[in-house]
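Contents: one structure, followed by commentary.
Every number in this text was worked out from the coordinates using simple rules, so none of it is lab data. Keep in mind that this is a model prediction, so the values were computed, not measured. Here the Cβ positions follow ideal geometry from the backbone for every residue, glycine too, while neighbour counts run over all protein chains shown.
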Amino acid sequence: LLKRIQIIDTCLQRRIVTNAVEPSNVLKNEDNGEQEGWKAFDAIQLERQEQAERSVLISCHSKTNEKKFLKYLSIHGDIKNSFFYESYGTYAVVEFANQESIASLHEAVNLPVVSNESVVPFKSRLLSLRSLGAAVVPNSQTGPKCKPQATIPLTELIQRLSKEESIDHQVTSLMKAYQVTEENTRLRFLVCSLLKDIAAAYFPECNVRPFGSSVNGFGKLGCDLDMFLDLDSISGRNVPMPKAGLVLEYQMKRSNSERAVTQSILTVVGECVDRFGPGCVGVQKILNARCPLVRFSHQPSNFQCDLTANNRVAMKTSELLYLYGCLDGRVRGLVFAVRCWARVHSVTSSIPGAWISNFSLTVMVLFYLQGRAAPLIPTLDHLRSLAGPADKSVIEGNDCTFVSDLSKIQPQDNTETLEQLLCGFFHFYSTFPFARKSINIRKGKEQTKPEVVPLHIQNPFEVSLNVSKNVNAAQLERFVALCQEGAWQLEQSATLTRGTGHAPSPWGLAALLVPAAGTPGIKGRKKRKREPASERIKSLLESLKNKV
Ligand code: CTP
Ligand code: MG
């Protein structure tokens, strides 16, 4: 009976915690009463993409009168949604109700009038609003209310968390403050859609899809925008071939490898982004990486973008992480807490190098949760066993099959609090036998390391790859030492009396996020023992090679 009560309690908890902080990329499924609040990954992607295609991005004056601005645009059709934000100026994202409005808008938009300069006449959905006369769009006194696209400062976050009454509440508060918002998600899909318009100059049927933390439910405001140019949707692949008789096929250039084709495609698309892409600056083509990519900054959105091609496995990985995050609210909570703690203590960094990446850290959290006495999430092998025929997926020889329907997965009967889980995480990795064992979420059990590297985390789908190949021994040691310290700190905070009043001193998760005095950041560490330039370049190249 006790067990049954616990299971019911967990089911309730799954719903409650999941609903408490609903990630912005989980669209509500209003038609499906059975699984209210949850939607399959592919359905979300499609819906978001379609939404983005009906949207435009407009640079405007900071004092734009919102009402008049929207009225002016509505001559092209009904506006379904809009918001303003600040990034190198004020921008508005405007979503029309119908696709035709975009065509109507394009008809009415002027080419810029410039003196002493020339423009590349590439038309996109990134526009500027000029106010030529107060009669059209007069400026208001205050300007529109802008939606934040960046996280609050760490000190403010610590203060906010210190006022919470439990570590579980602190985690919820952290997620509210840090995770990508509804608007930020819209902007991410819109930037992909703008990129698609550029790539469509070469491949009219292509698609550009976000992956990684923009869509896997673990994204923090300000995280990079990973996207991939999807050419698999190009028609003609599945046209049935007659057994006999006449048949026409396209004449196409051939290359001796898929990689060479990807490199050629990214070369021209990268060139196009660089020369014609409005708002795209600092374009670098990193074509010799293991997964070739074009990196650039999209200034209007302030996103650091990585455009890859032919990267379907990473898309599947994003779906898998999304599913794990939806299984139980504690998964996202713990990943956010650990990722935030790791960033503060420079375990992770935005600069590529020999440190643990957010992706590796996420897989480590999942592995830890699979190994609890009462596992909180199932193994990937179990998710594979629940898959139906429609879930079958083999990409470049890699079996990427797993169930995509949340309702087919039985809730696990783990009732631990986030406080217990966080403390358990630190203990688990304080004593993990990294020297001998590999982390493997497919099996949910540590495996013998297949190669001599400081940290081995098997890629969930490309099983011969180590996702943490870049990590050196010093970084791993530092991570372990910080885990020991984290465990100790949490135990201390359990025995300490919590501060009260207007500004209580940091405790629990807040205390964990206080940067240790004198702990050098990544920059500091570099200064203390600077490697020769050749070593640093080697390490940078290695990390780029590892980037998928
Ligand atoms: N990826 C992978 N193997 C790696 C690195 C990355 O499969 N060694 C895939 C993962 O699907 C990952 C995505 O590429 O989610 C994007 O990588 P990255 O930007 O490094 O990680 P994110 O999960 O997006 O996290 P962050 O917020 O740091 O960008
Ligand atoms: Mg990323």
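If R0 is taken as 35 Å, the Cβ-Cβ distance between residue 271 and residue 145 corresponds to a FRET efficiency of 0.35.
Starting from 0.36 nm per residue, how many nanometres of slack lie between residue 480 and residue 373 once their C-alpha separation is accounted for? Spell out each step's value before the answer.
On the way: separation 107, 0.36 × 107 = 38.52 nm, distance 2.19 nm.
Stretched fully, the residue 480-residue 373 segment lengthens by 36.3 nm.
What's the ranking of 166-173, 207-214, 370-377 by average number of surrounding C-beta atoms within 10 Å, highest first?
Working: 166-173: 21.9, 207-214: 24.8, 370-377: 17.2.
Most protected by this proxy first, the peptides run 207-214, 166-173, 370-377.
When only DSSP loop residues count, what trypsin sites (Lys or Arg not before Pro) in segment 182-266 have their Cβ near at most 16 other Cβ atoms within 10 Å?
Details: sites: 186, 188, 196, 220, 237, 243, 253, 254, 259; in loops: 237, 243, 253, 254.
Sites meeting the loop and neighbour criteria: 237, 243, 253, 254.
With θ taken as phi - 60° and the Karplus curve 6.51 cos²θ - 1.76 cosθ + 1.60 applied, the whole-hertz 3J(HN,Hα) list for segment 214-221 is 5, 10, 8, x, 10, x, 10, 3 Hz, x standing for glycine and proline. Among the chymotrypsin sites (Phe, Trp or Tyr not before Pro) found in segment 52-101, those both in a DSSP coil and sparsely packed, with 15 or fewer other Cβ atoms within 10 Å of their Cβ, are 88. When the listed pairs 220/445; 316/443; 145/220 are checked against a 25 Å cut-off, the alpha-carbon distance exceeds it for 220/445.
Separation of segment 237-289 from segment 110-125 is 28 Å, based on Cα centroids.
Does anything in segment 248-282 have its amide N under 16 Å from the 7 Å Cα→Cβ label point of residue 119, and if so which residues? Residues 276-280 fall inside that zone. Partners of residue 392 within straight-line reach, counting aspartates and glutamates whose Cα lies under 20 Å from its Cα and excluding those fewer than 8 residues away in the same chain: 42, 230, 232, 319, 381, 405, 462. Electrostatic tally near residue 49: other residues with Cβ closer than 12 Å to its Cβ, Lys and Arg +1, Asp and Glu -1, net +1. Separation of segment 414-451 and segment 61-92 by C-alpha centroid, Å? Taking the Cα centre of each part, segment 414-451 and segment 61-92 sit 49 Å apart. Within segment 32-103, the GluC sites (Glu not before Pro) that combine a DSSP coil assignment with at most 15 other C-beta atoms in a 10 angstrom radius are 34, 36. Excluding residue 387 itself, calculate the net charge of residues whose Cβ lies under 13 Å from the Cβ of residue 387, where each Lys or Arg counts +1 and each Asp or Glu counts -1. Summing Lys/Arg as +1 and Asp/Glu as -1 gives -1.
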